[in-house]
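A.B. asks: Can you keep this structure in mind? I'll have questions shortly.
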Amino acid sequence: LSVKLPAGGIVNAATNTAYTGTVNVAAFWINPTANDLNRIMPGDLRGIDTASSIKLLQTFGMVAVELTDPSGELLQIVNGQKATLTLPIPSSLSASAPASIPLWYFDEAKGLWKEEGSAVKTGNMYTGDVNHFSFWNCDMPGNYVQFNCTLKNSAGNPLPYTFVKITVAGTNNSAFGYTDSSGYVAGAVPNNSNLVLEVFPSAGCTTPIYSQTFTTANVNISLGTITIPTANNLATVNGTVTSCASTPVTNGFIILQEGYVFTRYPLSNL
């Protein structure tokens, strides 16, 4: 990964005044083939293209860049100038990586990626120009259909707040979500694709307790009710949360930590 800044093209992000001192660059490349990509990237690989249409994205690499001065003040690129980013392409994606690919930045207000500019493939690298720094992503956009299913255990009871992951077969291009209190989960998935649905006891687990493949066309798809064998994989936690005044807390959350993974559960459903 490399970052090339424009000469004389840095300003204080808060005041927009010219800055000429030392620039500290914090940059991190996010490997698009990482097994934990869904936990280390922002958003869920949905983006808004230049025609204002929602697309599902297939990533070929992401980068986070932040500029600061020695006192920690945020810096940015001067309006009208651009910096150059060069990102590596993993060897496993090199053959399928297009010669030119759209660039997308993460809009934190919307929680979505937004298309802006493009990058060109040279060897095993993508190079493109950007006019500000945040998270940037090299992605091919695709169309989608709506997916849903409901998870229940062998006794017919719903499985609430269960981690569900859907992957394009043969790739690391994945999306994930959690069932609601009724065991229902829904979202956008690629159309005309072979997909793999996996169910995990928690986001920190790497071995699914259930897996199935399915194929999408150009219409929305429902897998209906899926029975998950959970006897040896899930436990139910019960308890009561009270305030410092010993009154019940009914509007809040419990945070469950498993290693470095944190999961939030609504109190009213525990």
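The values are calculated or read from the model by the stated rules, or taken from the named source; none is laboratory data. This one's a predicted model, so the numbers in the text were calculated from it and none came from an experiment. Quick reminder, even Gly has a Cβ in these numbers, built from the backbone with ideal geometry, and neighbours come from all protein chains shown. Note: accessible area is taken over every heavy atom of the protein model, side chains too, but ligands, DNA and RNA are not part of it. Shrake-Rupley method; radii C 1.70, N 1.55, O 1.52, S 1.80 Å.
A.B. asks: Looking at region 195-242 only, could you name the residues that are in a loop (DSSP other than H, G, I, E, B), within 30 Å of I40 (Cβ to Cβ), open to solvent by 40 Å² or more (accessible area, probe 1.4 Å) and of a type in the set (A, V, I, L, M)?
C.D. replies: Answer for region 195-242, where residues must be in a loop (DSSP other than H, G, I, E, B), within 30 Å of I40 (Cβ to Cβ), open to solvent by 40 Å² or more (accessible area, probe 1.4 Å) and of a type in the set (A, V, I, L, M): L234, A235, V237.
A.B. asks: Filter region 179-194 down to the residues that are without any contact (Cβ under 8 Å) to a residue 40 or more places away in the chain and part of a strand (DSSP E or B), then identify the one that is farthest from K55 (Cα to Cα).
C.D. replies: Y184
A.B. asks: Can you tell me which residues in region 101-141 are open to solvent by 60 Å² or more (accessible area, probe 1.4 Å) and in contact with a Lys or Arg (Cβ under 7 Å, 6 or more places away or on another chain)?
C.D. replies: Residues satisfying the conditions are D129, N131.
A.B. asks: When the residues of region 1-40 are filtered to those that are part of a strand (DSSP E or B) and of a type in the set (G, A, S), which remaining residue is most open to solvent (accessible area, probe 1.4 Å)?
C.D. replies: A18
To keep it simple, each residue is scored yes or no on (1) out of contact with any strand residue (DSSP E or B) (no Cβ under 7 Å at 6 or more places or on another chain); (2) in a strand (DSSP E or B); (3) hydrophobic (A, V, I, L, M, F, W, C).
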position	(1), (2), (3)
W113	no, yes, yes
V120	no, yes, yes
H132	no, no, no
C138	no, yes, yes
N172	yes, no, no
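A.B. asks: Counting just the residues of region 67-87 that are in a strand (DSSP E or B) and crowded, with 16+ Cβ neighbours inside 10 Å, which one comes out nearest to the chain's Cα centre (by Cα)?
C.D. replies: In this case the residue turns out to be L87.
A.B. asks: Go through region 243-263 and give me each residue that's at pLDDT 80 or above, in a strand (DSSP E or B) and open to solvent by 80 Å² or more (accessible area, probe 1.4 Å).
C.D. replies: P248, F253, I255, L256, Q257
A.B. asks: Restricting to region 88-100, name every residue that is in a loop (DSSP other than H, G, I, E, B), touching a strand residue (DSSP E or B) at 6+ places or on another chain (Cβ under 6 Å) and open to solvent by 30 Å² or more (accessible area, probe 1.4 Å).
C.D. replies: The answer is A99, and nothing else.
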